[in-house]
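**Student:** Sharing a structure here in structure tokens format.
Every number here is computed from the coordinates shown, using simple stated rules; none is lab data. Owing to the predicted nature of the structure, the values given are computational and were not obtained by experimental measurement. Ideal geometry is used to build each Cβ from the backbone, glycine not excepted, and the neighbour counts take in all protein chains shown.
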Amino acid sequence: MKQITRVILMSIAVSLLASAVWAQTGPYSFFAITPCRAVDTRGGSPLGPGQQRNFAIRGVCGVPATAAAVSINVTVVSPTTASFLTLWPTGGSRPNVSTINFTQNDPSLANGAIVGLGTTTTDLAVFNSTGNVHVLIDVTGYFQ
């Protein structure tokens, strides 16, 4: 019985290892970092209705200049009305999807996302649909 249990455990371990190695193939590799706050608008003005604001992500929180995309947590704080944020690489067209949806009843709400970075110094665009809202962006990793 112990022999069968060992064989099963060894098979599971080999399968997990093979899956982990296979997941890292492709044009980019993922590099996790200690979560770091890259953006916090609470020290200034919130994003207003229909407003787009661009933020620099490369060179902040250990994200290198060669990063193509980032893994982030985006948090909304103190929204004044129901709205949504859309995040995308600066310089590209704004996509027709939201990154996070929220209501004025959400004192704060977060969502994880993977977003490409644009080619300009301010490489991440954030759009707020309606109302005012503060935005926090914590970087958790990057792809290069």
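**Student:** Quickly work out the Leu109-to-Asn96 label distance, labels modelled 7 Å from Cα along the C-beta direction, and quote it in nm with one decimal.
**Tutor:** Modelled inter-label distance: 2.3 nm.
**Student:** Run the numbers for Thr66 and Gln144: contour at 0.36 nm per residue of separation, minus the present Cα-Cα distance, in nm.
**Tutor:** Using 0.36 nm per residue and subtracting the Cα-Cα distance, I get 27.5 nm.
**Student:** For Thr119 and Thr34, what is the calculated FRET efficiency with R₀ set at 35 Å and r taken between the beta-carbons, to the nearest 0.05? Spell out each step's value before the answer.
**Tutor:** Working: r = 26 Å, r/R0 = 0.76.
With a Förster radius of 35 Å, E is 0.85.
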